[in-house]
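The values are calculated or read from the model by the stated rules, or taken from the named source; none is laboratory data. Here the structure is a predicted model, which is why all the values come from computation and not from measurement. Don't worry about glycine lacking a Cβ; one is built from the backbone with ideal geometry, like all the others, and counts go over all protein chains shown. Note: areas computed on protein heavy atoms with side chains; ligands, DNA, RNA excluded. Shrake-Rupley method; radii C 1.70, N 1.55, O 1.52, S 1.80 Å.
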Amino acid sequence: MDNFESSLAVFPTAVAFSTSLSEKASIRRSQQRRQELDMTSEVVTVNVGGVLYTTTMATLTKYPESRLGGMFLAPQLLQKDSQGNYFIDRDGQVFRYILNFLRQGWLRLPEGFQDISILQDEISFYEINQLSEDMKTKKHKPLKVKVMQ
């Protein structure tokens, strides 16, 4: 009998204990994955400057490297309003275009949109590089901006 087999004979509970630890770790990983999935599909209401938006954590964290994504990767650090909604003290009217970009992957502005500079400020604040690049491209080629009619 080698050393390993002799240790099993002397300490038979060690094998059962290590197996149960391994099973517990596997269960814990499975629960963690389920919680992560629940978090990304979790429906949340966000109060941006007094305007309420309902979306998912997955949408808000689509670009985790952005400031907006970072906010919702650690939502416990966000302020909440009196109804328990996440609160961001920014321009609520313009946020809809940012949220739609996150949902659709492209920027859509209404015909005659006048708040380009405000939108650019908000994009800079949220640090969504993909949207910032999209805005720069569209600034030089305005025909590429999709228009709602």
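Tabulated data for the structure shown
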item	result
Tally, over the range 108-127, of residues that are part of a helix (DSSP H, G or I), among the charged types (D, E, K, R) and either in contact with a strand residue (DSSP E or B) (Cβ under 7 Å, 6 or more places away or on another chain) or open to solvent by 60 Å² or more (accessible area, probe 1.4 Å) (or both)	1
Residues within the range 62-72 that are in contact with a helix residue (DSSP H, G or I) (Cβ under 8 Å, 6 or more places away or on another chain) and either within 19 Å of ASP91 (Cα to Cα) or basic (Lys, Arg) (or both), tallied	7
The range 72-90 - residue that is part of a loop (DSSP other than H, G, I, E, B) and over 16 Å from the mean Cα position of the chain (by Cα) and, of those, nearest to TYR126 (Cα to Cα)	ARG90
Candidate set from the range 92-107 (those that are surrounded by fewer than 18 Cβ atoms within 10 Å (Cβ to Cβ) and assigned to a loop (DSSP other than H, G, I, E, B)); member that is nearest to the chain's Cα centre (by Cα)	GLY105
